[in-house]
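The values are calculated or read from the model by the stated rules, or taken from the named source; none is laboratory data. Nothing here was measured: the structure is a model prediction, and the numbers come from that model. Note that each Cβ is placed from the backbone with ideal geometry, even for glycine, and that neighbours are counted across all protein chains shown. In case anyone asks, the SASA skips ligands and DNA or RNA and just uses the protein heavy atoms, side chains included. Shrake-Rupley method; radii C 1.70, N 1.55, O 1.52, S 1.80 Å.
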Amino acid sequence: MKKYQQTVSLLDNLKLKGIIHSLDNEITEAEEKKVSYLSFLSVLLNSEIAYRTDRRRKRNLAGAHFPVEKELDNFDFARLKGITKSDLASLMDFVWLDNHTNLLFFGPPGIGKTHLSIAIGMKAIQMGYTVCFERIATLIKLLKMADIQRSAGFRVNRLLKTDLIIIDEIGYTPIERKEANLFFNLISELYEKASVIITSNKKFDAWAEMMGDEIMTVAMLDRLLHHSRVFNLSGESFRIKKSTKEV
Ligand code: ADP
Ligand code: MG
């Protein structure tokens, strides 16, 4: 027993929490199956890696700030025009993310733009990427506060180091010229370094008016669209359908 406690204490010193968690089971199993010393060592190291991977994923999921969790299992593609189930399956290889390609989802409210973005983001985390989700209104607040408030600065820094940034709901609220400038700087900073998913209810041609500066908007769209896949979605609102059903 003393030897056991000493070993656990050594593992604790080395911060090998994954091995500590699985140690009892693995010892019992190794004794039963009479495995070699080498395979026993390999099993322990693998359990440490699995433990760390799982911890990292959980941390990334918490840090992503998803407003709700969404998956694709029950997503109804039949009602949505502009993207097919096989389009989405092909996005799940995440080659676009490795290539810093952006995804842009356009369309009216309630058709699943946010749902799709969150589901893609959650899958990306499962695959080991880091993700940040922000509504444009929150993002702009964060950019404005970054220099004066520590927590905002922290979130903006995290954003700049993330593989995938999801910016939701562009178009619902007008953006002041100064704010649009901050947003433009962010997009320039991320250009060819990370992937951005954008959802918007407004087509590109309405963006200049929304941001109050045509030249800057053109420059921003240039960067967003250079490596991108655009999905123009249409269909009946899921929210309206659901509430009429409930009535
Ligand atoms: P949008 O962002 O386009 O306004 P949301 O993604 O917020 O729309 O969708 C509104 C609600 O309807 C959410 O609860 C979402 O999960 C659900 N929803 C939307 N489209 C679908 C779909 N095709 N299949 C299943 N649920 C959907
Ligand atoms: Mg939405």
For this session: Would you tell me the accessible area of Lys3, worked out with a 1.4 angstrom probe on the heavy atoms of the protein chains, in Å² to the nearest 10?
Result: 150
Exercise. Put Lys202, Lys15 in order of accessible area, largest first, 1.4 Å probe: what do you get?
Worked result: Lys15, Lys202
Exercise. Just Ile19, Ile197, Ile165 to compare: in a GNM of the chain, with alpha carbon springs under 10 Å, which one fluctuates most?
Worked result: Ile19
For this session: Step through the table entries Lys85/Lys202; Lys113/Lys144; Lys2/Lys33; Lys17/Lys144; Lys70/Lys203, compare each Cα-Cα distance with 28 Å, and write down the pairs that go over it.
Result: Lys17/Lys144
Exercise. To the nearest µm²/s, what D does Stokes-Einstein give for the stretch 96-207 at 10 °C and 1.306 mPa s, using the Kirkwood radius over alpha carbon pairs as Rh?
Worked result: 110
For this session: In whole angstrom, note down how far apart the Cα centers of the stretch 183-247 and the stretch 135-160 are.
Result: 20
Exercise. Charges only on Cβ, +1 for Lys and Arg, -1 for Asp and Glu: so what's the dipole of the stretch 2-58 about the Cα centre, in debye to the nearest 20?
Worked result: 340
Seminar exercise, completed: Asserting the computed 222 nm helical MRE of the chain (DSSP H runs at least 4 long, -39500 (n - 2.57) per run, divided by residue count, to nearest 500) equals -18000 deg cm²/dmol
For this session: Calculate the translational D of the chain in whole µm² s⁻¹ from Stokes-Einstein, where the hydrodynamic radius comes from the Kirkwood formula applied to all Cα pairs, the temperature is 10 °C and the viscosity 1.306 mPa s.
Result: 76
Exercise. Which one of Ser188, Ser86, Ser234 has the biggest mean-square fluctuation once the chain is modelled by GNM with Cα springs under 10 Å?
Worked result: Ser86
For this session: Work from the charge dipole of the chain (Cβ charges, +1 for Lys and Arg, -1 for Asp and Glu, about the Cα centre) and give the residue of Gly171, Met220, Leu45 farthest towards its positive end.
Result: Leu45
Problem set entry | Cα principal axis extents for the stretch 2-58, largest first, Å | 34, 24, 16
Exercise. Which whole-angstrom value gives the distance between the alpha carbon centres of the stretch 104-128 and the stretch 48-92?
Worked result: 8
Exercise. Taking the Cβ-Cβ separation of Lys15 and Arg229 as r and a Förster radius of 41 Å, what is the calculated FRET efficiency to the nearest 0.05?
Worked result: 0.50
Exercise. Counting Lys and Arg as +1 and Asp and Glu as -1, each charge on the Cβ, what is the dipole of the chain about the Cα centre in debye, to the nearest 20?
Worked result: 500
For this session: Answer with one residue from Gln126, Ala208, Thr101: the one whose Cα lies farthest towards the positive end of the charge dipole of the stretch 77-246, charges on Cβ with Lys, Arg +1 and Asp, Glu -1.
Result: Gln126
For this session: Could you check which residue among Lys178, Lys113, Lys17 shows the biggest mean-square fluctuation in a GNM of the chain with a 10 Å Cα cutoff?
Result: Lys17
